[in-house]
1. Within region A:179-205, count every residue that is away from every other protein chain (no Cβ under 14 Å), assigned to a strand (DSSP E or B) and either buried (at least 23 other Cβ atoms within 10 Å of the Cβ) or of a type outside the set (A, V, I, L, M, F, W, C) (or both).
2. Restricting to region C:189-237, and then to whatever is of a type outside the set (Gly, Ala, Ser), assigned to a strand (DSSP E or B) and farther than 22 Å from C:Ser170 by Cβ, can you tell me which residue is nearest to the chain's Cα centre (by Cα)?
3. Within region C:9-110, which helices (runs of 4 or more DSSP H) (wholly inside it) include 2 or more residues that are of a type in the set (Gly, Ala, Ser)?
4. Before we move on, is C:Pro25 surrounded by fewer than 17 Cβ atoms within 10 Å (Cβ to Cβ), within 23 Å of the chain's Cα centre (by Cα) and not basic (Lys, Arg)?
5. From the list D:Glu117, D:Glu130, which one is more than 19 Å from D:Ser195 (Cβ to Cβ) and surrounded by fewer than 17 Cβ atoms within 10 Å (Cβ to Cβ)?
6. Suppose the filter is surrounded by fewer than 21 Cβ atoms within 10 Å (Cβ to Cβ) and acidic (Asp, Glu); does B:Asp146 pass it?
7. Enumerate the pairs (first residue in region A:182-193 and in contact (Cβ under 8 Å) with a residue 12 or more places away in the chain; second residue anywhere and of a type outside the set (Phe, Trp, Tyr) and part of a loop (DSSP other than H, G, I, E, B)) with beta-carbon separation below 8 Å, excluding pairs fewer than 6 apart on the same chain, so at least 6 apart or on different chains.
Amino acid sequence: MTLSYTAEHEELRGSVRRLLAEQAGSAQLRQLIDSPEPYDASLWKTMAQELGLHGMAIPEEYSGSGYGFLEQAVVMEEMGRAVHRSPYFSTVILAATALQLADQEDARARWLPGIASGETVGTVALAEADGDWTAPRVATRARAGDGGYRLHGTKHFVTDGAAADLIIVLADSDDGELLLAVDAQDPGVTVADVPVLDQTRPLATITFDGAAGTVLTAGARTREVLAGLLDTALAALAAEQVGGAGRALEMAVEYAKIREQFGAAIGSFQAIKFKAADMLLQLEAARSAALYAARAVAEDAADRTVAAAVAKAVCSEGYFAIAAESIQIHGGIGFTWEHDAHLYFKRAKASELLFGNAGVHRERLARQLGWTA
Amino acid sequence: MTLSYTAEHEELRGSVRRLLAEQAGSAQLRQLIDSPEPYDASLWKTMAQELGLHGMAIPEEYSGSGYGFLEQAVVMEEMGRAVHRSPYFSTVILAATALQLADQEDARARWLPGIASGETVGTVALAEADGDWTAPRVATRARAGDGGYRLHGTKHFVTDGAAADLIIVLADSDDGELLLAVDAQDPGVTVADVPVLDQTRPLATITFDGAAGTVLTAGARTREVLAGLLDTALAALAAEQVGGAGRALEMAVEYAKIREQFGAAIGSFQAIKFKAADMLLQLEAARSAALYAARAVAEDAADRTVAAAVAKAVCSEGYFAIAAESIQIHGGIGFTWEHDAHLYFKRAKASELLFGNAGVHRERLARQLGWTA
Amino acid sequence: MNRAAQSLEELRSEIKQWIARNLQPDLVGMDDMDVEREIWGNPDSPKHEAFLAYEKASLEAGLVCPHWPAEYGGRDFGDLEMAVLAEELAAVGMPRLTRGMGERLCGPSIIAHGTEEQKARFLPRIISGEDRYCQGFSEPGAGSDLASVSTRGVVDGDEIVITGEKIWTSRAHLANMMFLLCRTDPDAPKHKGISFVIVPMRDNGITISEVITMAGDNAFCQEFIDGARAPLANVIGGLGGGWKAAMTTLGSERGAVAATQHLQYEQELDELVRRARELQRLDDPQVRQDLAWAFCQVHVMKATGQRVLAKLASGGEVGPEASLTKLVWSEYHRRLGEIAADLQGAHALVRPEGDGYKVDRWQKAFLASRAETIFAGTSEVQRRIIAERVLGLPREQSAGAAK
Amino acid sequence: MNRAAQSLEELRSEIKQWIARNLQPDLVGMDDMDVEREIWGNPDSPKHEAFLAYEKASLEAGLVCPHWPAEYGGRDFGDLEMAVLAEELAAVGMPRLTRGMGERLCGPSIIAHGTEEQKARFLPRIISGEDRYCQGFSEPGAGSDLASVSTRGVVDGDEIVITGEKIWTSRAHLANMMFLLCRTDPDAPKHKGISFVIVPMRDNGITISEVITMAGDNAFCQEFIDGARAPLANVIGGLGGGWKAAMTTLGSERGAVAATQHLQYEQELDELVRRARELQRLDDPQVRQDLAWAFCQVHVMKATGQRVLAKLASGGEVGPEASLTKLVWSEYHRRLGEIAADLQGAHALVRPEGDGYKVDRWQKAFLASRAETIFAGTSEVQRRIIAERVLGLPREQSAGAAK
């Protein structure tokens, strides 16, 4: 069995990289961070409509192009490389996947075309005050009433919550756990953007006070869909982490080649070399794990849950270690606000913690593999 | 508050180091390992009688010299430095401490003078098949009968078990947990020496089939005495680990100064330097932790349990890391049987696992410090 | 009262009483550095009143720069006395009133290498607070390599004229004086042509721009120095004698730091355990392991500090082992920052409300600790010093690496 | 049947059938290396019968050195075909019959640098097992620095006469041939004066002494070579051309290793999980974390292997990245040995009963893995190669380090 991206994937990568380099470079990213806008709406449209990035994994009947997850992994990797700030992960990975995994034709028809065209921003609200995405204790309630369910409760750490038009919510009800689609415009929805460590990925706290929810899944299907969604989210984050780690290493190596100290390029010092070699080892491990997981998710392979958990564990630790060492190699300049190293460092820690860190996923693996006493 | 050994301690250290260098060097140690003898009986006598090492912490009324634990820590450190093989730890640290902490005047009078003079070898048998010294699940039973208790069961991983004249055994009974003194000559005692990873510290499996035991502690006192004994054992092992770690680092540094590769002493390479610097950092941390614990035990300080647990955790990890890196710095020669590096490496791992490794003691600390949810 | 005349126990009792009389509730819980950074010279601080009162009391008791010689306004405190003072203050959570880099770095160099005239002129003004110093050692492009300083100093009559750039200058925007290294003899060997000069910061051709760090604060500045002037009498250690004076500066934070640094980490760890309890994370075995690991490290720092004090008490000196101390605490704190972030999980991602990039104490520890392994000699430089000067491994062969 | 003529699926099916016919229960569960080490050439082994039968079947099917050219007795297998073979064997737990260093190291150098006459003379005897090779590269005092080889080779008529010492020679006591490096031109620059020579081991002035390792085994030997003779026709790559030939040797274990090495680690980890379950250690959170970490590492090796195969399948070559592979598996295995020891706690301290220093598989992993990070290029050398040749960082400045 062999494992690689195809030439077509590499072509896609090239287009995304060029676009982001042009329109979402460091200067633009910093401007965006300082602005009240959650994302660059014009770039978002270009990505959706000219490159067709949003509809890639959406079936053609919903105005998508019917490719699969491998293509999305390429995009996520490039977005990671650029520490890109946009609700792509929330919308295209989380919300669109949840809609596709759930069985509600109406909901798909209502939301997927807008996601594909870039008109609709979506997100999924899983975690609550305890900040657990992988096995959330759900206090948010959906109460059945006239014309459907009404939601009450608060969701925390919702990625791109403030930008979302569509919020898919995990809630408990008398009928068990449900996934529900909620229109962000509903007067029963209050979204509060929160200040974040990693300013390249906004988070929000969303309070529901009687907002109407359309049921997407109920009963045992809810946990099944959540499991599938989690695999996809983890594999996507892993790809993103590989992209960021790759760039962080590149920056460190470039710097080590030109920066001189004690009369020689610091890259000629053993300590820097060994550090860089270890960083490459971690990057290549992350790359292998992420690619394997992407294929497993794309093919809905039997080992997709294991592969996704491994990928998130390996890529989380790898990215953080690489981003941290990259700062160390850069020395003083590396911890200034002005230098980009901290953007990678903060993204690395934030994406490590998002959807569970390595320890969380190793424990999930142990359970998945039946390691009980 | 200041922390150091005194000039008298350093004098003692010098005597022990000289004696061991003369009579328990690498060649003698290897000879001993290949011989059926558990230890060098003549050296043992010299240590006990000429240097008075065995009776240092034993009160004068039992023919000891009434010093305290700091002196024993100095001796343990030097024995660790020489990866010395003798039942000093089992006899003088474990058995003599147990006798002194327990309240049986008869037992003290019976055994302590022999320990002080070097005539009696003792050990303490705590762990059973699960290999837990710190909180052993006790299946060995003491049954009350005519003239006292009779023991039934098997103790595992007993240090110097085959050499011992006196075995102090932790057993369960209808009256709760007891510590009992058993004469190794009792026909109800069967001692089986087991082959060991670290050939410098023999272990035995001891089976009791109706052997007579003299009660040393009963009731709540048993766990109290065990707790005190554990602190002492941990602090002693920590001192021993510092001695071994110090020598392993010395060997590596000496080698790095003379060994040439690529036209220069390998000690001039950054990678070796940084390794050596990190080893020194670990050694100094171990030294501080061990000395602090030794003082805490010597003075029966309020924080002795915490200090002993910290010392065992820090010194276990430090010694193993240093011994392992020492092999790496030595390169090919470092993993030959003929070179001494592996003696330190095996002792490091064995003493790390003996009486619980760092993880075990960190968990004990967390409980000790009241860290509960 | 000087050192010889007072036993440690008497001193402890004096200090206890003094603290009881002068405790400022507003300052309790702050550390020395925070006070120096945030309140000293900042009348807008709500705690400024408390600061002024505490400053006055400290000056009166001789407890500002107490480790300096009595003849220049100190109290001749040794490391043991400093440790007593630190312990008693820590017991009630009060900071010590410090004079920042003037006290810790420049003063000791003046004391060691200055003329009597220089000592009399500069030292009392540091104690009084009239002069506030920043350190101009690092330069863009020189990093940890002090010997390659390229700021130029040209003698012009009885003045020295300085031109160049400095960076990583902590709190330069608050200082009125900078002690800096400049190259006064470009033809001399690297270490020989350097001078140590005290330069006024105001109206002297020095433009300060703040360097914002990744933690969002302005802990560091960068200075463009364009013909700044200082009297030749401000050169400490003589023209070309700057390297030696700078080494004193770098070496002057030793015993007392080693002996007392664990105190702030103990407090911090207690706080982190409380935070873990609040988040109900204390029953996670990994969290328990991580916190217990941190506990062990802090305990070791305490024990090491006591060993250092013992060495000093018996007349020993702390040499290049100081590099061990720096490495230990900076690497510990880096790891603690990570533990704090990991332990809090999702909660670590959310910053406090407020303008700019405001961070909580754990985010600050997580972010600022990255700088700690870099400034004042990177971890890499410390390791080399340890290997060469403590373990005696041979110096590197390569051209420039020979120091 | 050669490579071009057979699809991978056909090959897989052929091999499946062949294995079904030739499976030797005595060999199930052993890995290639164990068979080579313990049974080949050891008629005392209780498994020797099974070995002979399997050897015969393997020779008949062309499955000994199948990656060699068909004209010299191989089957032209590429890495993909080798991976198929390895996967099918692993599926039933059978080892592949290998010819050790002759197959893995010397043969590829002969194929790349030998004359037609040399290929015809040496290669079939490796396949048949008549010649068993050991590698004479390392020397006492040279370590990982091959270019500083000091064993001398002096041309004497149509022979070359060799004198010197070799060390870290795996299984030299079982070999009848050694391929070695010697310096044939002491005046040439370091890399230029070296020759690669095939030398008979028996009755040829070579004294072998076994080096007992810390694991108590004789995995390595040391040789004193005193005027050993070989025909000049045994020099591979020409006099002075040894460096190039040696580089082929070192580079020749790539694709197939990368693609299949995870298989043995998967088995090993399964076994360790079983051991943990047996000791009731699987409910310890730290044990679960450690084992899951190991699982992740092995999974990554599998994925990396598939990436390497993809690269080879598309006509790419595996270059200095091979150093990554060596580093990854040797560091992984070192850590796994530690995990196995820690997980077993007290049980790790007790060896099996038996003569000498007998160890169980976990003790062996713990001890022998320390050697793995040293032989065949230390982890330090691998890191340098990665930094310089993969990442393009500048070579070190120091005199000898320029490689």
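The values are calculated or read from the model by the stated rules, or taken from the named source; none is laboratory data. Because the structure is predicted, anything quoted here is derived from the model rather than measured. Heads up, the Cβs are rebuilt from the backbone with ideal geometry, glycines too, and the neighbour counts pull from every protein chain shown.
1. The initial filter retains those residues of region A:179-205 that are away from every other protein chain (no Cβ under 14 Å), namely A:179-191.
The next check asks that each one be assigned to a strand (DSSP E or B); those that pass are A:179-183, A:189-191.
Checking which are either buried (at least 23 other Cβ atoms within 10 Å of the Cβ) or of a type outside the set (A, V, I, L, M, F, W, C) (or both) leaves us with A:179-183, A:190.
Result for region A:179-205: 6.
2. The first filter runs over region C:189-237 and keeps only residues of a type outside the set (Gly, Ala, Ser), leaving C:189-192, C:194, C:196-204, C:206-208, C:210-214, C:217-218, C:220-226, C:229, C:231-232, C:234-236.
Adding the requirement that they be assigned to a strand (DSSP E or B) leaves C:194, C:196-200, C:206-208, C:210-211, C:213, C:220-226, C:229, C:231, C:235-236.
In the following step, the residues that additionally are farther than 22 Å from C:Ser170 by Cβ were identified as C:229, C:231, C:235.
Working: C:Arg229: 26, C:Pro231: 27, C:Val235: 22 Å.
This residue is C:Val235.
3. Values: elements: C:32-38, C:48-60, C:79-92.
The qualifying helices (runs of 4 or more DSSP H) are C:48-60, C:79-92.
4. Values: surrounded by fewer than 17 Cβ atoms within 10 Å (Cβ to Cβ): yes; within 23 Å of the chain's Cα centre (by Cα): no; not basic (Lys, Arg): yes.
Considered against the rule, which asks whether it is surrounded by fewer than 17 Cβ atoms within 10 Å (Cβ to Cβ), within 23 Å of the chain's Cα centre (by Cα) and not basic (Lys, Arg), C:Pro25 comes out as no.
5. Values: D:Glu117 fails: more than 19 Å from D:Ser195 (Cβ to Cβ).
Exactly one of D:Glu117, D:Glu130 is more than 19 Å from D:Ser195 (Cβ to Cβ) and surrounded by fewer than 17 Cβ atoms within 10 Å (Cβ to Cβ), namely D:Glu130.
6. Details: surrounded by fewer than 21 Cβ atoms within 10 Å (Cβ to Cβ): yes; acidic (Asp, Glu): yes.
The answer is yes for B:Asp146.
7. If the second residue must be of a type outside the set (Phe, Trp, Tyr) and part of a loop (DSSP other than H, G, I, E, B), the pairs left are A:Asp183/A:Asp165; A:Ala184/A:Ala164; A:Ala184/A:Asp165; A:Gln185/A:Asp165; A:Val191/A:Ala164; A:Val191/A:Ala184; A:Asp193/A:Pro38; A:Asp193/A:Pro202.
Yes/no per residue for (1) without any contact (Cβ under 8 Å) to a residue 24 or more places away in the chain; (2) closer than 12 Å to B:Glu325 by Cβ; (3) crowded, with 24+ Cβ neighbours inside 10 Å; (4) assigned by TED's automatic domain parsing to the domain that holds B:Thr159:
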residue: B:Asp231; (1), (2), (3), (4): no, no, yes, no
residue: B:Leu234; (1), (2), (3), (4): no, no, yes, no
residue: B:Glu254; (1), (2), (3), (4): yes, no, no, no
residue: B:Lys257; (1), (2), (3), (4): yes, no, no, no
residue: B:Ala264; (1), (2), (3), (4): yes, no, no, no
residue: B:Ala277; (1), (2), (3), (4): yes, yes, yes, no
residue: B:Leu283; (1), (2), (3), (4): no, yes, no, no
